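*Asks:* After the structure tokens below, expect a handful of questions from me.
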Amino acid sequence: MYVYRIMLFLVFGGYLLSPLLMSGWANPEMAWYRPFLIWAGLIALTLWLEKKRKLDERR
Amino acid sequence: MSLDLFGLMWLGTGYLSLLFLCATAVDRGWLPQRLVRHPAVHTLALGVYASAWAIHGSLEFASRYGFGYLAYYLGVAGAFLLASVLLVPIQRLTRTHQLSSLADLFAFRFRSRWVGTLMTVVSLLAVLPLLALQIQTMGEAIHRLSGSASPSLLALGFSLLIALFAMLFGARHLDQHARHDGLLVAIALESVVKLVAMLALGGIALFSVFNGPADLQSWLDGAGHVHQTRMAQLDAGQWRTLLLLFFAAAFLMPHMFHVTFAEPLDRRTLLQSSWALPLFLLLMALPIPLIIWASQRLGVDEAGTGAAYLAFQLSSAGWVQGLAFIAGLAAASGTMIIISLALSGMVLNHMVLVAHPPIAQPDLYGWLRWLRRGLIAAVIVAGWLFYRLVGVYHDLSALGLASFVGIAQCLPGMLALLYWPGANRKGMVSGLSVGVVIWLAGLWVPLLTSYQGLVLLPPGFAALAGDPAWYSVALVSLAANILTFILVSLATPTSTGERAAAEACSVDAVVRPMRLPLAAANGAEFKQRLSPALGQDVASREVDRALEALAISPLEARPYALRRLRDRIQANLSGLMGPSVAQDIVDRCLPYQHDGPVASEDIHFVENRLEAYRSRLTGLARELDSLRRYHRRTLTRLPVGLCAFGEDGELLMWNDALASLSGISGDAVLGAHRDTLPSPWGELLGEILATPQERLYKKPVRLARGEHFLTLHRAGLQGEQGEDGGHVILVEDHSDMKWLEDELIHATRLASIGQLATGVAHEIGNPVTGISSLAQNLRHDSDDPATRETAEQIQSLTDRISQIVGSLVGFAHGGRHVTGGDLARTEMKTVIDEALHLIRLARSGDAIDYVTHCGAEHAVLGDAQRLQQVMINLLSNARDASEAGARVIIEAEAQAPHLHLSITDQGSGIDPAVRDHLFEPFTTTKPAGEGTGLGLPLVYSIIAEHNGHIDIESPPAGRASGTRIHLWLPLYRDCDESPHEPDPDR
């Protein structure tokens, strides 16, 4: 259940900070794929949390 | 144009035929179940979210707002990231109550069929622009690729093919919660097709138009930079609003709700999709900017609506354009199929069946199936008409955003449904109505006309005046919706039914159903009562289906089981015709008895639920649950029988000890009324509950294992306010104690006889001595040989009388405990002779031949009387085991420092299983009522007191049958002479 709280925190934190993603489109200093890298990192984090949740529930 | 109309028709029809083939292969079992039921299939089917918007709408949006197009993907990714706290509770609700649509869920929570109807109307209005968007992309693609003048008719053709597919494979099962394997696999295939097509288009852009990522980056830093700086930017507010709209769409859009909750997706797969679906969407989103930048580099950048179809411009090669066409078709067709299925179910349950209830429909299943198919076609045709009348004049963003803002009006209701039990129907309906009116006026109606939308900006929202209409309308409508919802809910009362449903829906609540008796007494009566509403055949099938699912007998009469059966039937009917109609039928046909005792909570059901939800409990709740489980375990494993009854006489607990004693498992009787418990428990427990005393002492009860004596204790379970809360009953098995008491009484009686015998012996002794003296005198005084012989006989008989009396007195004194001081030289021959003498007094001992091989030299250190009792017990056993005329041999042999005695009979021997327990009390091989099971334990005890030991050999070595008892007693030595006086009784 504690994992759920981390997910809630992650989603709402991401929601508030997400406008920063858009600034990259016209920004020559930023690699075009950076938003996708951040997104992929989020997916990896979710996958890890999902495994943690399974362990948490098994206990 | 590289593709002609014929080629496009062939491509489109061929692709849709592939879907038919795939679904048919699954339904006919041509594909292995392992593949069909693989979790990845369901996760890919969730990719239905990526509609034509994901292909064409995203291109159009990205060409205007850059990375703003990502909101469409990130919104839904956020919703699935919260699967465990948002989607799993919704899934639990829909699964438990067989709710297959948003309208079902709202109608269930807010306890009104009209709420369901309102939700259906809102969903229909919200989804029409999205359906029109799908069809428009198909028509526009055909027009752009083939130059056809009548793309709308060709789009209609494709739409009808899609409708046919949905009718064939989506309405196969009437139960909307049944898994449509063929449909799911086909939708998963569509996801794979559109993903592969998009990745291929992205690859072409990156490696064909550009020379790889490095070239792309250098173009972006150089020539491409101008294009990017010309692009408009979404401000943070607009971006967040878009995220919110797409977040809501992830579980509110009818097609997403259908695939996520109506198809039986297991919880593990749903949680897996929390990362798998965002990964799929990431791959879908990745090619979008590549296609745009490639088309900009190629100089085919088209402004406005043309941007949506930039993928067709990547190459003049027919296969590339075909790939783009198939990507769009796969995205549009999947969405149209699932939307038509979801909406047809909603319209059927909340509009058609509400207006025309299926009372005693002759062929209910067939009627429902064809009605559903008709509605599927009607929904698709409605979408096409909307496209023809309205959609064709608007770009994809206008259509899509109108749809997403509309469906987001259900978001406050959904969140309240899960997290705010205080919300009520009036609040929800008021808030939704206000929000929908603002949305209709601001975005939906303007789609129908050429006029600007009516955007009402309340005071404080003036800053939104220059923003896009979708943004202003979304903010104002949602704010008005939420505010009205909260205020009206707080200001108006909530009905009891709504409160109960709110608790059932609330994330933190465990459903607490009440225990009310049903009017119907068993499964047969259920069928009879449902027949007027459903028809005899359907009623019978539905009841049988529920009985089978619950694995209970049609004759089951337990109130608990009948309540579960009623719930199951309601849930099944809900899957068939919606919760409103199902609840109406079940309430009418299977009513509760409200004139009985006051209902209380169904503890057994609550406990089952708590066990099921244990993994979701945390903190204090988890600690309390652990405490509950500990107390529960204590009661269950209590080594005394325990049962508990509710105040209505329903059995709530039946612990392991009682199950063992009665031979009836708890599962078989829990939830039964006390009067229906198997005999003799119904009568026995009824008696303790009816009697004013709180205890029944040693009630004789005949159970499977013979007669038992049970003591029952009863205690009331008053509630905190002193109200009746039922009873708890302890059941103690006092059979052994009762037997011991009987034996004690018997032993006491024998002891009395022993005392009496002593007195009688004393009284008889004097006259017998007198008779003996007189007979002796007569013998001396008389010379008559006949008289002398008579006198001798009299003297002999009086000696015998004295000997008998002496033996009786000796036996009566034989029960005391042996101490070291009582031990003296004891000739075993004398002991054995006296024991045999006593045994022969019993008539049954006459027929046995006792052979003694024991001499006067065989003396032991012991208590003669106690040893006599030993010999009597052992010889009695040997006699009882022997046939008439058999021989019992008693042998003695000195084996220093012991005397070895053996008693061998020719009986049937002793069962090896019993032999090891013969020295334990109450173990006997004799028929019931003949043996006490105390003889050998007593023997063992006396021998042990003499520092000897005993063993049993059965059969004796070298023999086929019989038993030999071996005794080892300490041999007498001269130094063992006791200083005490000999026993005066001897």
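*Asks:* So which residues in the range B:263-302 are of a type in the set (Ser, Thr, Tyr) and over 30 Å from B:Asp221 (Cα atoms), if there are any at all? Working first, answer last.
*Replies:* We begin by selecting, within the range B:263-302, every residue of a type in the set (Ser, Thr, Tyr); these are B:269, B:273-274, B:295.
Scanning the range B:263-302 gives B:Thr269, B:Ser273, B:Ser274.
*Asks:* Specify the residue that is farthest from the other protein chains (Cβ to nearest Cβ); the eligible residues are those in the range B:50-101 that are more than 20 Å from B:Pro579 (Cβ to Cβ) and in a loop (DSSP other than H, G, I, E, B).
*Replies:* Restricting to residues being more than 20 Å from B:Pro579 (Cβ to Cβ) and in a loop (DSSP other than H, G, I, E, B), the top hit is B:Ser51.
*Asks:* With respect to B:Leu353, is the statement that it is in a helix (DSSP H, G or I) and buried (at least 20 other Cβ atoms within 10 Å of the Cβ) true? First the steps, then the outcome.
*Replies:* Details: in a helix (DSSP H, G or I): yes; buried (at least 20 other Cβ atoms within 10 Å of the Cβ): yes.
So B:Leu353 passes the test.
*Asks:* Considering (1) more than 28 Å from B:Ser63 (Cβ to Cβ); (2) of a type in the set (Val, Ile, Thr); (3) away from chain A (no Cβ under 14 Å), say which one B:Thr269 fails and leave the rest.
*Replies:* (3)
*Asks:* Return a yes/no flag: does the range B:925-938 have any residue that is surrounded by fewer than 16 Cβ atoms within 10 Å (Cβ to Cβ), assigned by TED's automatic domain parsing to the domain that holds B:Ile890, part of a loop (DSSP other than H, G, I, E, B) and at pLDDT 70 or above.
*Replies:* No; the residues of the range B:925-938 include none that is surrounded by fewer than 16 Cβ atoms within 10 Å (Cβ to Cβ), assigned by TED's automatic domain parsing to the domain that holds B:Ile890, part of a loop (DSSP other than H, G, I, E, B) and at pLDDT 70 or above.
*Asks:* Follow-up question, since we're still on this one. Of all residues in the range B:201-218, which are assigned to a helix (DSSP H, G or I) and more than 10 Å from chain A (Cβ to nearest Cβ)?
*Replies:* If the condition is that a residue be assigned to a helix (DSSP H, G or I) and more than 10 Å from chain A (Cβ to nearest Cβ), then B:Leu201, B:Gly202, B:Gly203, B:Ile204, B:Ala205, B:Leu206, B:Phe207, B:Ser208, B:Val209, B:Ala214, B:Asp215, B:Ser218 are the ones that fit.
*Asks:* Across the range B:220-240, what is the total count of residues that are more than 10 Å from chain A (Cβ to nearest Cβ) and either within 58 Å of the chain's Cα centre (by Cα) or surrounded by 14 or more Cβ atoms within 10 Å (Cβ to Cβ) (or both)?
*Replies:* Counting residues in the range B:220-240 that are more than 10 Å from chain A (Cβ to nearest Cβ) and either within 58 Å of the chain's Cα centre (by Cα) or surrounded by 14 or more Cβ atoms within 10 Å (Cβ to Cβ) (or both) gives 1.
*Asks:* Oh, and also: So if I check each of B:Ala502, B:Ala533, which one is part of a helix (DSSP H, G or I), at pLDDT below 80, outside the structural domain of B:Val669 (by TED's automatic domain parsing) and surrounded by 14 or more Cβ atoms within 10 Å (Cβ to Cβ)? Step through it out loud before you land on a result.
*Replies:* Values: B:Ala533 fails: at pLDDT below 80.
None of the others qualify; the one that does is B:Ala502.
*Asks:* Further question: When the range B:283-301 is examined, which residues are found to be in a loop (DSSP other than H, G, I, E, B) and either more than 13 Å from chain A (Cβ to nearest Cβ) or of a type outside the set (A, V, I, L, M) (or both)? Give the steps one after another, and end with the answer.
*Replies:* Here is the first cut: in the range B:283-301, the ones in a loop (DSSP other than H, G, I, E, B) are B:286, B:299-301.
Listed by number, the residues that qualify are B:Gly299, B:Val300, B:Asp301.
Conditions tested, residue by residue: (1) without any contact (Cβ under 8 Å) to a residue 40 or more places away in the chain; (2) in a loop (DSSP other than H, G, I, E, B).
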{"residue": "B:Gly422", "(1), (2)": "no, yes"}
{"residue": "B:Met428", "(1), (2)": "no, no"}
{"residue": "B:Val434", "(1), (2)": "no, no"}
{"residue": "B:Trp439", "(1), (2)": "yes, no"}
{"residue": "B:Leu454", "(1), (2)": "yes, yes"}
{"residue": "B:Leu457", "(1), (2)": "yes, yes"}
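*Asks:* Take residues that are touching a Lys or Arg at 6+ places or on another chain (Cβ under 9 Å), in the same structural domain as B:Asp656 (by TED's automatic domain parsing) and not hydrophobic (A, V, I, L, M, F, W, C) and tell me which of the strands (runs of 3 or more DSSP E) falling wholly in the range B:671-737 contain 2 or more. I'd like the intermediate steps shown before the answer.
*Replies:* Working: elements: B:695-703, B:706-716, B:727-733.
Here the list reads B:695-703, B:706-716.
*Asks:* Quick one: which residue in B:Phe280, B:Phe247, B:Phe251 is away from chain A (no Cβ under 12 Å), crowded, with 16+ Cβ neighbours inside 10 Å and assigned to a helix (DSSP H, G or I)?
*Replies:* Values: B:Phe280 fails: away from chain A (no Cβ under 12 Å); B:Phe247 fails: away from chain A (no Cβ under 12 Å).
It is B:Phe251.
*Asks:* Picking from B:Leu131, B:Leu156, B:Leu145, B:Leu164, which residue would you name as being of a type outside the set (Phe, Trp, Tyr), assigned to a helix (DSSP H, G or I) and either at pLDDT below 85 or touching a Leu at 6+ places or on another chain (Cβ under 6 Å) (or both)? Full working, then the answer.
*Replies:* On the way: B:Leu131 fails: either at pLDDT below 85 or touching a Leu at 6+ places or on another chain (Cβ under 6 Å) (or both); B:Leu156 fails: either at pLDDT below 85 or touching a Leu at 6+ places or on another chain (Cβ under 6 Å) (or both); B:Leu164 fails: either at pLDDT below 85 or touching a Leu at 6+ places or on another chain (Cβ under 6 Å) (or both).
Just a single option satisfies the conditions, and that option is B:Leu145.
*Asks:* Conditions: (1) buried (at least 24 other Cβ atoms within 10 Å of the Cβ); (2) out of contact with any Gly (no Cβ under 9 Å at 6 or more places or on another chain); (3) more than 14 Å from chain A (Cβ to nearest Cβ). B:Trp30 meets all but one. Number of the miss?
*Replies:* So the condition that B:Trp30 fails would be (1).
*Asks:* Now for a different question. For residues that are among the β-branched types (Val, Ile, Thr), surrounded by 22 or more Cβ atoms within 10 Å (Cβ to Cβ) and free of Cβ contacts under 8 Å to residues at least 40 places away in the same chain, tally how many sit in the range B:536-576.
*Replies:* 1
*Asks:* So, one more: So, in the range B:872-904, exactly how many residues are without any contact (Cβ under 8 Å) to a residue 60 or more places away in the chain, assigned to a loop (DSSP other than H, G, I, E, B) and either surrounded by fewer than 16 Cβ atoms within 10 Å (Cβ to Cβ) or not assigned by TED's automatic domain parsing to the domain that holds B:Glu953 (or both)?
*Replies:* Here the count works out to 3.
*Asks:* Next question, about the same structure. Against the conditions (1) in a loop (DSSP other than H, G, I, E, B); (2) surrounded by 23 or more Cβ atoms within 10 Å (Cβ to Cβ), where does B:Pro264 fall short? Just the number, please.
*Replies:* Failing condition for B:Pro264: (2).
For every residue, the table says whether it meets (1) within 34 Å of the chain's Cα centre (by Cα); (2) surrounded by fewer than 21 Cβ atoms within 10 Å (Cβ to Cβ); (3) in contact (Cβ under 8 Å) with a residue 40 or more places away in the chain.
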| position | (1), (2), (3) |
| --- | --- |
| B:Met9 | no, yes, yes |
| B:His38 | yes, yes, no |
| B:Gly47 | yes, no, yes |
| B:Trp53 | no, no, yes |
| B:Gly66 | no, no, yes |
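The values are calculated or read from the model by the stated rules, or taken from the named source; none is laboratory data. Worth saying up front: this structure is predicted, and the values here are computed from it rather than measured. Reconstructed Cβ throughout: ideal geometry from the backbone, glycine too, with neighbour counts over all protein chains shown.
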